[in-house]
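J.: Can you read through this structure? Questions will come right after.
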Amino acid sequence: MIKIHAIGGYDEVGKNMTALEIDNDVLLFDAGLHLPAIVGVQEREKIPTEKGMRALGAMPDDLYLDKKGLRDKVRAILISHAHLDHVGAVQYLAHRYPKAKILATPFTIEVLKTLMADNGHKLSNPLISINPNSSYIVKGNNSYKVEFINITHSTIQSAMVAVHTKEGVILYANDYKFDNSPVLGDKPNYKRLKELSKSGIKALIADCLYASDDRKTPSEKIARGLLEDVLFTTDNYKSGLVITTFSSHIARLKLITEFGLRLRRKVIFVGRSLNKYTTAAIKVGKCPFRNDIYIAAYRNQVEKILKKANANKKEYMIVCTGHQGEPGSILDRMSRHQLPYKISENDHIIFSSKTIPTPINEKSRLELEQRLKKFKPRIFDNVHCSGHGGREDLRDLIKLTNPQHFIPSHGDFSKTEPGLNLSIEMGYKKNYNAHLLSNGQELILK
Ligand SMILES: [Zn+2]
C-alpha cells in the first residue's frame with residue numbers, strides 16, 4: 001500500500017516536506033525551512049538550535065512521523081534542490097533518522113555541507129551525491145530505484161525526483177519551470193519524463209505556486225534581455241552600480257558577471273550567502289565565472305573592498321545580498337550608512353529579483369527602499385524572471401507525465417486549489433484522483 005503524507009508546505013509557501021510510505025518503508029521528499037520565520041537569522045552570526053527553529057515555526061512538523069509510528073521506517077531523505085525551503089531543515093532533523101541516507105545532486109549536497117559547517121552541525125547520515133539524470137537504489141524492507149531528473153529552476157542542478165514502486169512511479173516536481181533556453185545547465189529532460197509517463201506514473205506531486213497565473217513562465221534568456229536593457233541602455237558610465245539577486249541563482253550571477261565585464265568593471269560579490277552558494281558551485285565545477293569575480297564575505301574584507309570601490313565607483317560593479325530587505329544584509333547596511341560604500345544621487349541600484357509576497361518580506365523591502373531613496377539613487381526593480389512555472393507550464397507537466405493521481409503542493413489552498421481546478425479541467429476528479437492536502441494529512445493511493 002502506498003500513502004502520501006503531507007508534512008510541510010501544504011499550508012504555507014516554505015518548510016517543504018512530503019513523506020512517501022510504501023509498506024514498511026518511508027522515503028522523505030525535502031526538508032525545508034519556512035523562510036519568513038527566520039528573516040534576519042541567516043545573516044546574523046548567531047546559531048539557532050533545532051528547538052529554537054521549531055519554536056519559530058521554521059521547521060516542518062516531522063514529529064508527525066513519531067505519532068504515526070513511521071519514524072524508524074525512514075530510509076532516505078531525497079532533496080530536490082538547494083533552496084533553503086527544500087534543504088534548510090535537513091541539518092536540524094536528519095539526526096532523528098539515523099538509518100536514512102541523504103540523497104541530492106552534487107551542488108545541493110555541497111550547499112548542505114556548507115550550511116552544516118556554518119552552524120557547527122554534524123550528521124552521521126551518509127550524504128550521497130547523485131548526478132542529474134542518474135539513479136540510486138535505496139534499500140529498506142524492499143529496494144527502490146530513485147532517479148534525479150534534470151529540471152530547470154532558479155538554482156543549478158535542480159531535479160524532479162522519481163521513486164519507482166511496484167505500483168508505478170511517484171514523481172515529485174517541486175520546484176520547476178520549463179526553460180527551453182537556459183543560460184546555464186541543460187534543458188528539462190523531457191525525454192525521460194515521457195518514458196516514465198509511458199511506464200506509468202502513479203502520482204505527481206507538483207509545484208503550484210503560480211498555478212493561478214495564466215502564463216508560461218519566461219525563460220532565463222528573457223531575464224538576460226531585461227538585465228541587458230537596464231545595464232546597456234541607461235547612462236551609467238560614471239555611476240555606482242549595485243546589483244542584488246538571489247544568492248543561489250548561479251545562472252543569474254553568471255549573466256550579471258558577464259555584463260559587468262562587458263561594462264569594463266571589476267565584479268565584486270559581497271555578502272556571506274553569496275559566498276556560500278558561489279563557493280559550493282565552484283566546488284562542484286559549476287561556476288564558469290569563478291575567475292572573473294572577487295568575493296568578499298567577512299567583515300574586514302567587505303569593508304576594505306567597499307572603501308576602495310567607493311573611491312572609484314565607475315570601476316566596480318557591486319553584487320550584493322539584500323534584495324528582500326533582509327536585516328543585516330549588505331544592502332540593508334548600505335542603506336543605513338553602516339558601510340564605507342555611500343549610495344549617492346545617480347547611483348544605479350538594480351533588484352534582479354522579486355519581493356517574495358509575505359507580509360514580513362514586503363515590510364522589510366519597503367523600509368529598505370524608503371531608506372535608500374533618501375540618497376536619491378536610480379532604482380530598477382523586478383529585473384527578473386521567476387523560477388516557478390505558471391498555469392500553462394503546469395498544464396504541460398500534467399499532459400507530459402499523465403499521472404494516475406495528482407497532488408498540488410508548494411503553498412496553501414490559495415496556491416494549490418487553482419492547480420487542482422486545472423487538473424479537473426483536464427479530466428481529473430476531486431478526491432478521486434486529484435487531491436488537495438493540508439499539513440498533517442495522509443492520502444492512500446488507490
Ligand atoms: Zn526552489
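FYI, it's all coordinate maths here, none of it is from the lab. What you see is a predicted model, and the numbers here were worked out from it, not measured in a lab. Note that each Cβ is placed from the backbone with ideal geometry, even for glycine, and that neighbours are counted across all protein chains shown.
J.: Take every DSSP beta bridge with both residues inside segment 149-209 and express the antiparallel ones as a percent of the total, to the nearest 5. The partial results should precede the final answer.
T.: Details: 9 of 14 bridges.
For segment 149-209, the DSSP antiparallel bridge percentage is about 65.
J.: Here is a further query. Please sort 321-329, 428-436, 166-174 by packing, taking for each peptide the average over its residues of neighbouring beta carbons within 10 angstrom, highest first.
T.: Details: 321-329: 23.9, 428-436: 15.3, 166-174: 21.8.
Highest mean packing first, the order is 321-329, 166-174, 428-436.
J.: Just round it to a whole percent: the fraction of Cα-Cα distances in segment 162-264 exceeding 15 Å. Before the final figure, lay out each step's value.
T.: Numbers: 3825 of 5253 pairs.
Considering segment 162-264, 73 percent of its Cα-Cα pairs are separated by more than 15 Å.
J.: A follow-up question, please. Given H placed 1.01 Å from N in the peptide plane, which residues other than close sequence neighbours of residue 243 have an amide H under 5 Å from its amide H?
T.: Those qualifying (amide H under 5 Å, at least 5 residues apart or on another chain) are 318, 319, 320, 350.
J.: Right, next: For the pair residue 382 and residue 67, what calculated FRET efficiency results from E = 1/(1 + (r/R0)^6), where r is the Cβ-Cβ distance and R0 = 51 Å, to the nearest 0.05?
T.: E(calc), rounded to 0.05, equals 0.75.
J.: Compute the label zone of residue 141 within segment 1-15: residues whose backbone N is under 13 Å from the point 7 Å along Cα-to-Cβ.
T.: 1-3
J.: Then there is this: Does anyone have the angle between helix 413-425 and the longest principal axis of the chain? Alpha-carbon axes, 0 to 90°, nearest 10?
T.: 60
J.: Grab the alpha carbons of segment 245-291, take their convex hull, and tell me the volume per residue in Å³. Working shown, then result.
T.: On the way: hull volume 3.2 nm³, N = 47.
Once divided by residue count, the hull of segment 245-291 is 67 Å³.
J.: Measure off 7 Å from each Cα along the Cα-to-Cβ vector at residue 367 and residue 342, then give the distance between these two points in nanometres to one decimal.
T.: Placing both labels 7 Å beyond Cα along the Cβ direction yields 2.5 nm.
J.: Moving to a separate point now. Regarding segment 196-248, what are the three Cα extents along the principal axes, ordered largest first, in Å?
T.: Its Cα atoms span 59, 23, 22 Å along the three principal axes.
J.: Run the reach check for residue 198 against lysines, Cα to Cα strictly under 18 Å, same-chain hits fewer than 8 apart removed. What comes back?
T.: 145, 166, 399
J.: Mind checking the full-extension length gain between residue 113 and residue 424? Use 0.36 nm per residue of separation minus the Cα-Cα distance, one decimal, nm.
T.: Full extension from residue 113 to residue 424 adds 107.8 nm.
J.: Only bridges with both residues in the chain count here: give the DSSP antiparallel percent, nearest 5.
T.: Restricted to the chain, the bridges split so that about 45 percent are antiparallel.
J.: Further question: Which cross-chain or sequence-distant (5 or more) residues have an amide H under 5 Å from the amide H of residue 58, H modelled 1.01 Å from N in plane?
T.: Here nothing satisfies the definition.
J.: Let me ask you something else. Expressed in nm², what is the orientationally averaged projection area of the convex hull enclosing the Cα positions of segment 280-426?
T.: Working: hull surface 49.0 nm².
The orientation-averaged projected area of the Cα hull of segment 280-426 comes to 12.3 nm².
J.: Going highest first, how would you order 392-399, 437-444, 213-220 by mean Cβ packing within 10 Å? Kindly include the intermediate steps, with their values, before the conclusion.
T.: Values: 392-399: 19.1, 437-444: 15.2, 213-220: 17.0.
Peptide ranking by packing, descending: 392-399, 213-220, 437-444.
J.: What residues qualify as long-range amide H neighbours of residue 404, i.e. H under 5 Å apart, gap of 5 or more or another chain, H built at 1.01 Å from N?
T.: Counting only residues 5 or more places away or on other chains, the set is 201, 202, 203.
J.: Also, I was wondering about something else. Can you give me the convex hull volume of the Cα atoms of segment 193-329, divided per residue and expressed in Å³? Show your work: numbers first, answer last.
T.: On the way: hull volume 23.5 nm³, N = 137.
Spread over its residues, the Cα hull of segment 193-329 gives 172 Å³ apiece.
J.: Percent of Cα-Cα pairs more than 39 Å apart in the chain, please. Present the calculation step by step, with values, prior to reporting the outcome.
T.: Values: 19213 of 99235 pairs.
Summing the P(r) tail past 39 Å for the chain gives 19 percent.
J.: Report Rg/Rh for segment 96-194, rounded to two decimals, where Rg is the Cα radius of gyration and Rh the Kirkwood radius. Working shown, then result.
T.: Details: Rg = 14.7 Å, Rh = 14.7 Å.
Ratio of gyration radius to Kirkwood radius for segment 96-194: 1.00.
J.: Treat each spin label as a single point 7 Å out from the Cα along the C-beta direction, and report the residue 23 to residue 167 distance in nm.
T.: Between residue 23 and residue 167, the label points sit 1.3 nm apart.
J.: Can you pull the Rg over Rh of segment 1-123, Cα-only, Kirkwood? Please report the intermediate quantities before stating the final value.
T.: On the way: Rg = 13.6 Å, Rh = 14.4 Å.
That ratio is 0.95, to two decimals.
J.: Taking Cα atoms, how many degrees apart are the long axis of helix 391-401 and the longest axis of the chain, rounded to 10 and kept between 0 and 90?
T.: 40
J.: While we're on this one: On C-alpha positions alone, give me the angle between the axis of helix 359-373 and the longest principal axis of the chain, in degrees, nearest 10.
T.: 10
J.: Could you rank the peptides 247-259, 192-204 by their average count of other C-beta atoms within 10 Å per residue, with the highest value first? All intermediate terms of the calculation are to be shown ahead of the outcome.
T.: Details: 247-259: 23.4, 192-204: 16.9.
Per-residue mean Cβ counts within 10 Å order the peptides as 247-259, 192-204.
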